[in-house]
Each structure stands twice: as C-alpha cells, then as structure tokens.
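Student: Take a look at the following structure, please.
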Amino acid sequence: MNEAFDPLNLLLLGVAVVIFLRLRSVLGRRTGNERPPVDPFARTERDRAKAPAATQDGKVVTLPQRDGRPSEPVAVMQNEEKAAVWKGYAEEGSAAAAGLDAIARADASFTPKGFLEGARAAYEMIVVAFAEGDRLTLRNLLSKDVFDGFSAALDEREREGLVNETTFVGIDQATITDARLVGRQASVTVRFASQLITTIKNRAGDVVDGDPKKIRDVVDVWTFSRDVKSRDPNWSLVATEAPSA
C-alpha cells in the first residue's frame, strides 16, 4: 500500500490538525488574565495578600482578601490579640500610631512595612519621572492637584529651555511621621532622606545649577492617600511640603 495512506501517517496528520485549530482559537485573543501595569503599592499589597504571615510563635496566619473574606481558614493568634501594627514605625500613644491602627482595621491588607516598601519605590519613580519630564508616569502616581503643580513646573522648565539631569543614588531613610483615617480616606505622611546628583543645563548645555560630580542630601516630606473601601489598591501622592527645621 502507498505510504501516503499508512494509518500512522493519517493519525499524525489528524493530531497536527487538532493542535493547529486549538492554537488558532487562542493566539491573538485577550483572555482577561493579562497582567495590569506594575504599581509599587499594588504589587506589594498583592504579594502580601497571597503570602501567609507568621506570628512570633511560628503559627501561620493567612491574611484575608481585600473584600474581607478569608482566602483560607484563619488561625487565631495566641490570646486572640493582634500585635500593634505600628510597633517599630510610630511612638506608642502618638497620633501616628493611632492612625496606623485605624487604617489597618479598615484595610486588612495594610501594614506599615508593606506601605513603606511601596512608598520608597514610588518616591524614586516620581523623582526620576519629574527629572525626565515623564508626565504619563507622574499622572499615574499623583493626585490631580499635585500633578497640575508638577506639570506647571515642567512647562516653565521647557519654556526656558532647561534640562534637568538627575541620578538617583538612593534613599537613606523613609520614616512615617503621621497617619490618619478620615471616613474612608487614609493618609500617611513619610519623611524621605535621599541622595541625588542633580544638574540643570541651559540650551547651550552649560550647567546653570547643581554639580554633576557632587551628591546632594535631599529631604522631602510627602503625604500619600487612598480610599480604603475602593477596589483600587493604589496610593496617590496628595501633598508635598518642606521639612520642618
């Protein structure tokens, strides 16, 4: 019999056709499971929501989902008491400690450690985006009022033909100085101590401010805010202020 009609060849041809049809039905289509753009706060909170937390005595506690329903049966801490969420981040009895406790009660996924990790990442992204004139990144991380202020500063810089060249060296310290919950709105203020190399150049390329060889110590006080009842996990920068002496 001709090899073209060999049963094995027919079987292989049939399998190839089935695979081709399945691939064609899937490739190029959106499934609804595509990953959203990376956000520093959202990434930290999603990872924290998935990962079990360990108590001091070694017991594992699975944190609840944002909607308040536990993803797994929750183990109760010894003495059925939750450790103070502010320990190590705010002075006992302070307004900041009370604010952190209130935010954690309203949002089961919130922890000061996780928040500061996201805040540090957001700080670097915002500083670099402003230096580069990246309005898209700024718009995603700033409240409307703060974005309008940053955008106006960029407009003025562009009109004068100035170029900001910034090298982000690192953050020496990020400290929570205030926290509060007003209704559904949580806000946390952070004092950043960072190191940057910044120069401003004119159209001719001459340095008019800063030193390309000198590291500057910079202190910023920024306030981030979010609606704790919103499904959007993102925090926005809502205020900047000069540090107090």
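Student: Working only within segment 144-153, note down all residues that are buried (at least 17 other Cβ atoms within 10 Å of the Cβ) and over 23 Å from Gly114 (Cβ atoms).
Tutor: Phe147, Phe150
Yes/no matrix, rows are residues, columns are (1) touching a strand residue (DSSP E or B) at 6+ places or on another chain (Cβ under 9 Å); (2) hydrophobic (A, V, I, L, M, F, W, C); (3) under 27 Å from Ala90 (Cβ atoms); (4) open to solvent by 80 Å² or more (accessible area, probe 1.4 Å):
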site	(1), (2), (3), (4)
Glu165	yes, no, no, yes
Gly170	yes, no, yes, no
Ala179	yes, yes, yes, no
Asp227	yes, no, yes, no
Ser230	no, no, yes, no
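Student: Out of all the residues in segment 170-182, is one or more outside any helix (DSSP H, G or I) and basic (Lys, Arg)?
Tutor: Yes, because at least one residue in segment 170-182 is outside any helix (DSSP H, G or I) and basic (Lys, Arg).
Student: With the checklist (1) exposed (fewer than 14 other Cβ atoms within 10 Å of the Cβ); (2) touching a strand residue (DSSP E or B) at 6+ places or on another chain (Cβ under 9 Å) in hand, flag the one item Leu136 doesn't pass.
Tutor: Leu136 satisfies every listed condition except (2).
Student: Quick one: count up the residues across segment 181-196 that are more than 17 Å from Ala122 (Cβ to Cβ) and in contact (Cβ under 8 Å) with a residue 40 or more places away in the chain.
Tutor: Summing the residues that are more than 17 Å from Ala122 (Cβ to Cβ) and in contact (Cβ under 8 Å) with a residue 40 or more places away in the chain in segment 181-196 gives 3.
Student: Every residue in segment 103-115 that is touching a residue at least 24 places away in the same chain (Cβ under 8 Å) and open to solvent by less than 20 Å² (accessible area, probe 1.4 Å), please.
Tutor: Ile103, Asp107, Ser109, Phe110, Pro112, Gly114, Phe115 - these are the residues of segment 103-115 that are touching a residue at least 24 places away in the same chain (Cβ under 8 Å) and open to solvent by less than 20 Å² (accessible area, probe 1.4 Å).
Student: Out of all the residues in segment 189-201, is one or more of a type outside the set (Asp, Glu), open to solvent by 70 Å² or more (accessible area, probe 1.4 Å) and not in a strand (DSSP E or B)?
Tutor: Looking for residues that are of a type outside the set (Asp, Glu), open to solvent by 70 Å² or more (accessible area, probe 1.4 Å) and not in a strand (DSSP E or B), one finds none in segment 189-201, hence no.
Student: Would you be able to tell me the number of residues in segment 205-234 that are part of a strand (DSSP E or B) and either basic (Lys, Arg) or over 29 Å from the mean Cα position of the chain (by Cα) (or both)?
Tutor: Residues meeting the conditions: 6.
The values are calculated or read from the model by the stated rules, or taken from the named source; none is laboratory data. The structure displayed is predicted, hence computed values, not measured ones. Ideal geometry is used to build each Cβ from the backbone, glycine not excepted, and the neighbour counts take in all protein chains shown. Areas reflect the complete protein model, heavy atoms only, side chains present, ligands, DNA and RNA absent. Shrake-Rupley method; radii C 1.70, N 1.55, O 1.52, S 1.80 Å.
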